[in-house]
1. Which pairs break 19 Å Cα to Cα here: B:151/B:199; A:99/A:120; B:300/B:336?
2. Expressed in nm to one decimal, what extension gain is obtained for the pair residue A:109 and residue A:66 from 0.36 nm per residue of sequence separation less their Cα-Cα distance?
3. How far apart, in nm, are the 7 Å Cα→Cβ label points at residue B:386 and residue B:267?
4. Using a 1.4 Å probe on protein heavy atoms only, how many Å² of accessible area do B and A hide from each other, summed over both chains and rounded to 100?
5. Under the rule of -39500 (n - 2.57) per DSSP H run of 4 or more residues, summed and divided by the residues of the protein assembly as shown, what mean residue ellipticity at 222 nm is obtained, to the nearest 500 deg cm²/dmol?
6. For residue A:75, list the aspartates and glutamates whose Cα falls under 18 Å from its own Cα; do not include residues on the same chain fewer than 8 positions away.
7. How much FRET efficiency would the formula 1/(1 + (r/R0)^6) give for residue A:7 and residue B:154, where r is the Cβ-Cβ distance and R0 is 56 Å, rounded to 0.05?
8. Between residue B:159 and residues 5 or more places away or on another chain, which pairs have amide H atoms under 5 Å apart, with H built 1.01 Å from N, and which residues are they?
Amino acid sequence: MSIPFPSEEWIKAYKDAINTNPAYKTAGADWTHGVVALVAKAKPPALPQDVGIWLDLAKGVCYDAKLVTVEEAAKAPFCITGEYDRWKQVIRKELDPIKGMMQGKLKLKGDLPTIVRAVKASQELVNSAGMVDTAFMDE
Amino acid sequence: MKGNWNRIVGIDLGSGKTHDISLPEAVWRDLIGGSGVGAWLFMQHTAPKTDPLAPENPLMILAGPIVGTTLAGSSRFAVCARSPLTGIWGEGTCGGNFGPMLKSCGVDGLYITGRAASPVYLFVEDGKVSIRDAADLWGKDTYETGDMLAKRHDEKRARVICIGPAGENLIKYANINNDKGDVIGRTGMGAVMGSKKVKAVVVLGTQKVQVADQAAYDAIRKDVLEKIKNSVPADSLHSMGTDASMDLGMMTGDIPIRNWSVGEDFDLSAALGGPTMTEKFLVKPAACLYCTIACKRVMKVADGPFAMEEGPGPEYETCCSLGTGLHNKNAESVLKANELANKLGMDTITLGSTLAFAMDCFEKGIINEKDTGGVRLRFGEVDGVFKMMEMIARRDGFGDVLAEGSRAAAARIGKGASDLAVHVKGLELPYHDPHGWHGMGLAYMMSTRGACHLQHLVHPIEQGMVFWDGVGLKENYDGQKSEGKGVLVRIAEDLGVPCNAMVLCNFVAWTLYPPDFPAILKAVTGFDYDIQSYLGCGARIWLLKRGLSNLMGVTSRDDVLPPKILAPYKEGAAAGSVPDQDVLRKEYYKARGIEADGKPSKAALDAAGGLDEMAKRLYG
Ligand code: SF4
């Protein structure tokens, strides 16, 4: 059954998808730069308020994934913020997240060279999200 | 009209006389400046088939209307002539600090013809030109020449462009150097300068460029700075230089490897990509005058066989041309080879591509050490690269063959070598791979100076670095599809060609939106540009240059991609993908209004307006 984005349940499924994606395991093997947070902006009623997704990533493994407030998400060394509809495009692979960042559709806070170096891992993180059977509550 | 002075100084090196050239205001309005005006001047005064190295081929050093203002990205200038490398219309633009000082002399440019009896340099002080002896400078490299001349005239304020030994020896891809790290690289303008025995041009001025609408200009200038501040591409260029795109490029099939033979090698991007180069070698970022992006690199190699004093570091193109293209993972050697190319005065794109071509020939047994004078030219080995660079710059032995560029070298070598030369119309491809990005392939096919990545905005549009609605572009393009790219390329040219003419840096352009371009021009010049008339200028300038190249011999048979690009890779993001050049050409010809023989149609010329003279030349 499809899981609503971005619920606790979806985040748990996302963590499992990351950890069972062998391509992420390889591409993310060098990642030692800490937490990546994703912030989805509110889109009532599907998403009544801004939420953050906290991904504790190290060496190709996602150790923890949880729903956090925007304030908490902002404390992560890397935080990518986008409108609900942009994340929907990313999950559906209609928007390449790197292109999204370049075009200002997704906003990145964090060290750009580190992200650039980890571009393959970032792509696999997104591919992992695409593996979750996702329901968007505005549809 | 503001922005331009409407004064170009004509210099006849044969007689030593100078004269002022002023143009009808409509020429400035319709062709903007820079290479647009250069093409018009060429059409008026020069037989198209003039030998590129003959005294009659004019070397035109031209600023644009925004140059000399304080707008970010405006400190550029263009140099144009018929190219000795390609035999067609040639031009290049360059950042740094020369353009604004040229305008401060109260002139828009220099139109240099003739040939001096012995080496000279030109000293332009507040509009007065003097021709001075350069006997003591001839033979010196560009770094030394620039330093000597700045010291001689005004160390703090004098700005210098010069050629190195490569330009003196008429290497067909000799460049012109400004301030060590900025170059007019492509199409061999340094050889044209060398053929005239002009070692350098020094400018020193005090005049201030006036803008037509100060309030509008101030608002735009502020807005541009704000947009740069909020732009991720600008941030990325600032923190990692233009080489920021290598890691991402490896993911998308954009990085040419081993003379365009291998589709992917992540070890190469890990060794030569922006993050690594920054971490290992960056001393500080540097900028062209007034630019807050500061994409230039000051780098240093502390020790080892390729130790390099603090100085200009390689841009993305050079990290590819002297790195990935040669399958060379040694980053230090890329920095050192870049420095050597700068000092000798050679375009690193054509140089690297010609070396990669020679390595390919060597490895395939088409040439051997007997041909090369004992130099081993093998991928991944750098010794031969340094030796051959010196030999090329001095036209020594096999260096004399490679000094002609890959097309001519292949013709001289024979034995199927032409299949390994990667050029369009004689200009070697820059380092964005059409296997992954078919639109870029079409842009190479159709650019008016041969394979070019800068006179249009195809790269940011096709790769999604920008999204510009309202001008007929789609939000997303699939790089590996040829269909739909004809219109993309035409629009990207019409947007980019006028940037090139005014002369605005492409990277600054990436941070803006299409309506910003005419707004900038309007505020500076006072001409009533809007987006439609702006795009019209782009089309007009493109057609004018294309017409010139047609008159120099270009036909539809020249609008083709080289065999290497039409052979698929086995690996990587672009595995199996090749541009369909027939689809691309057909779509583009329709979108641009090109006849089957490759000439702009009479209707397209008429619709562009202001091109009656070109129409007459092409159609009688
Ligand atoms: S972006 Fe780079 S090349 Fe362009 S003006 Fe700025 S410093 Fe110069």
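The values are calculated or read from the model by the stated rules, or taken from the named source; none is laboratory data. Given the structure is predicted, the values throughout are model-derived calculations rather than measurements. Every residue, glycine as well, gets a Cβ built from its backbone with ideal geometry; the counts of neighbours run over all protein chains shown. Just the protein is used for accessible areas: all its heavy atoms, side chains included, with ligands, DNA and RNA removed. Shrake-Rupley method; radii C 1.70, N 1.55, O 1.52, S 1.80 Å.
1. Result: no pair exceeds 19 Å.
2. Full extension of this stretch gives 13.6 nm more.
3. 2.2
4. 1700
5. So the calculated ellipticity at 222 nm is -11500 deg cm²/dmol.
6. A:50, A:56, A:64, A:111
7. Given R0 = 56 Å and the Cβ-Cβ separation, E is 0.25.
8. B:203
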